[in-house]
Amino acid sequence: MTPFDKATTAEEVTAGLDLKGQTALVTGATSGIGLETARVLALRGAHVLVTGRTLEKARAACEAIPGRATPLACELEDFDGVAECAARVTQLGVPLDMLICNAGIMAPPSLELVRGLEKQYVVNHLSHFLLVQRLLGAVQAATAGRVVLVSSSAHKWAPAGGIAFDNLTGEKGYDPRVFYGQSKLANALVARELAKRLAGTGTTANAVHPGLIITNIIRYIPAWQQLLVPLIGPLLRSRIKTTAQGAATTCYVAAHPAVVGISGGYFADCAVATPEKVMEDDKLAARLWSESEKLTRAWL
Ligand SMILES: NC(=O)c1ccc[n+]([C@@H]2O[C@H](COP(=O)([O-])OP(=O)(O)OC[C@H]3O[C@@H](n4cnc5c(N)ncnc54)[C@H](OP(=O)(O)O)[C@@H]3O)[C@@H](O)[C@H]2O)c1
């Protein structure tokens with residue numbers, strides 16, 4: 001039990017925490033949940049490494065962040081760029097107390113490929129897998145480093161069996177929603193497998209569902225539906241969170257003392273949540289790990 005719930009904001013969940021001396025990297029910190037996560041962690045004293053698709057975007061985000069924020073380019077469609085970002089972080093020579101894999105896209109309407117693979121699988125999952133691998137040493141150098149993967153309750157949209165390893169190119173069929181669900185399931189399975197690999201080390205890995213928040217994540221839904229959002233939003237007020245509330249679970253899992261030592265978990269509304277059974281499939285998590293290693297081997 002925690003004193004927090006789905007209405008708790010990121011500022012509330014971190015109230016009283018002193019993160020001075022700690023470093024957090026947040027991907028996709030230029031907008032939405034990631035920007036709020038970075039802002040609040042910096043407000044509490046952490047040095048935040050703000051990644052964006054370009055250095056200019058990351059710099060602009062840093063201007064909206066109080067305290068110490070360092071901009072970094074990290075385009076997740078580009079494995080070279082991810083490796084370069086990781087190299088820059090390593091060069092800083094600081095332990096990473098929090099590595100927050102937040103960036104994401106949702107449901108491009110038609111199939112888009114990156115390096116011959118479906119785009120959401122690359123942006124949401126594979127590039128974060130690569131980033132985590134490259135920065136694990138820095139996270140392990142922290143006293144109790146935490147890796148947080150921003151997943152989604154949409155993991156339940158994943159295809160039968162969880163990950164369609166025989167259709168990562170989308171050539172056997174593409175459903176935007178199913179591929180989004182698959183990528184978000186992959187985020188959570190990586191957290192689970194990583195937690196297993198880190199058992200007994202003091203470094204933890206967890207997945208979170210932030211809730212339902214109206215952000216730029218809806219960029220791919222048809223324009224006419226986007227026009228309806230301001231009308232429908234107030235009717236769904238009990239289900240939709242503000243961005244301040246949407247960043248709370250990430251901040252809780254990344255920084256709150258109540259989460260020390262908890263690893264391999266799935267959190268929502270600032271508490272442990274119950275995922276679909278497929279998220280607890282250890283064989284699937286292990287297979288995803290090895291298939292992802294094969295696809296990123298040249299950059300690991
Ligand atoms: N909003 C929700 O209801 C909800 C629910 C469940 C889970 N989530 C998850 O929460 C996370 C944050 O989403 P959000 O709602 O805050 O969306 P958002 O406002 O659209 O933010 C997404 C961030 O990811 C970045 N990004 C997108 N493509 C990228 C790429 N190729 N390389 C590097 N960065 C990239 C975006 O940068 P640009 O703006 O420059 O493209 C932006 O900074 C996502 O992982 C999403 O799946 C959101």
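Taken together, the values in this text are just the output of simple stated rules run on the coordinates, not laboratory data. Please read all numbers here as calculations on a predicted model, not as lab measurements. As a convention, Cβ positions derive from the backbone with ideal geometry for all residues, glycine included, and neighbour counts pool all protein chains shown.
Quick look at the numbers
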quantity: For region 107-256, the spread of Cα positions along each principal axis, largest first, Å; calculated: 50, 38, 24
quantity: Neighbour-count ranking [beta-carbon atoms within 10 angstrom, fewest first] of I163, I33, I262, I240; calculated: I262, I240, I163, I33
quantity: Euclidean distance of C-alpha centroids, region 138-203 and region 113-132, integer Å; calculated: 11 Å
quantity: Alpha-carbon centroid distance for the pair region 244-300 / region 1-51, whole angstrom; calculated: 17 Å
quantity: CD proxy at 222 nm, helix term only [per DSSP H run n ≥ 4: -39500 (n - 2.57); per residue of the chain; nearest 500]; calculated: -12000 deg cm²/dmol
quantity: Descending semi-axes in whole angstrom, ellipsoid equivalent of the chain, from the Cα gyration tensor; calculated: 25, 23, 20
quantity: Distant-in-sequence amide H partners of R44 (H built 1.01 Å from N, under 5 Å); calculated: none
quantity: Cα convex hull of region 5-145 - mean projected area over all directions, nm²; calculated: 9.0 nm²
quantity: Rounded to whole Hz, the Karplus (6.51, -1.76, 1.60) HN-Hα couplings of region 44-60, x for glycine and proline; calculated: 8, x, 6, 7, 10, 8, 9, 9, x, 5, 9, 4, 4, 5, 5, 4, 4
quantity: Residue order, fewest to most surrounding Cβ atoms within 10 angstrom, among F165, F179; calculated: F165, F179
quantity: Kirkwood Rh in Å, taken over all unlike Cα pairs in region 68-143; calculated: 13.3 Å
quantity: Region 1-104: relative contact order in percent, alpha carbon pairs under 8 Å with at least 6 residues between; calculated: 28 percent
quantity: Cα gyration tensor, region 81-185 - rounded (a/c under 1.5), prolate or oblate; calculated: prolate
quantity: Virtual paramagnetic centre 7 Å along Cα→Cβ of Q226, amide N under 18 Å, in region 8-37; calculated: 30-33
quantity: Placed amide H near A268: partners under 5 Å, 5+ positions off or other chain; calculated: H209, A273
quantity: Amide hydrogen neighbours beyond the local backbone of I213, cut-off 5 Å, H modeled; calculated: K241
quantity: Residue order, fewest to most surrounding Cβ atoms within 10 angstrom, among T169, T23; calculated: T169, T23
quantity: Within the chain, percent of DSSP bridges classed antiparallel, to nearest 5; calculated: 15 percent
quantity: Calculated from backbone phi, Karplus (6.51, -1.76, 1.60) coupling profile of region 172-189 in Hz, x at Gly/Pro; calculated: 8, x, 9, 10, x, 5, 5, 5, 5, x, 4, 5, 6, 5, 4, 4, 6, 5
quantity: The chain: Lys pairs at Cα distance under 23 angstrom, eight or more positions apart or on different chains; calculated: 26
quantity: From phi via Karplus (6.51, -1.76, 1.60), per-residue ³J(HN,Hα) for region 284-300 in Hz, x at Gly/Pro; calculated: 5, 4, 5, 5, 4, 4, 6, 5, 5, 4, 4, 6, 10, 3, 5, 10, 6
quantity: Environment charge of L55, counting only residues whose C-beta is closer than 14 Å and scoring Lys/Arg +1, Asp/Glu -1; calculated: -1
quantity: Across the chain: Cys residues that no other cysteine approaches within a C-beta distance under 4.7 Å; calculated: C62, C101, C251, C270
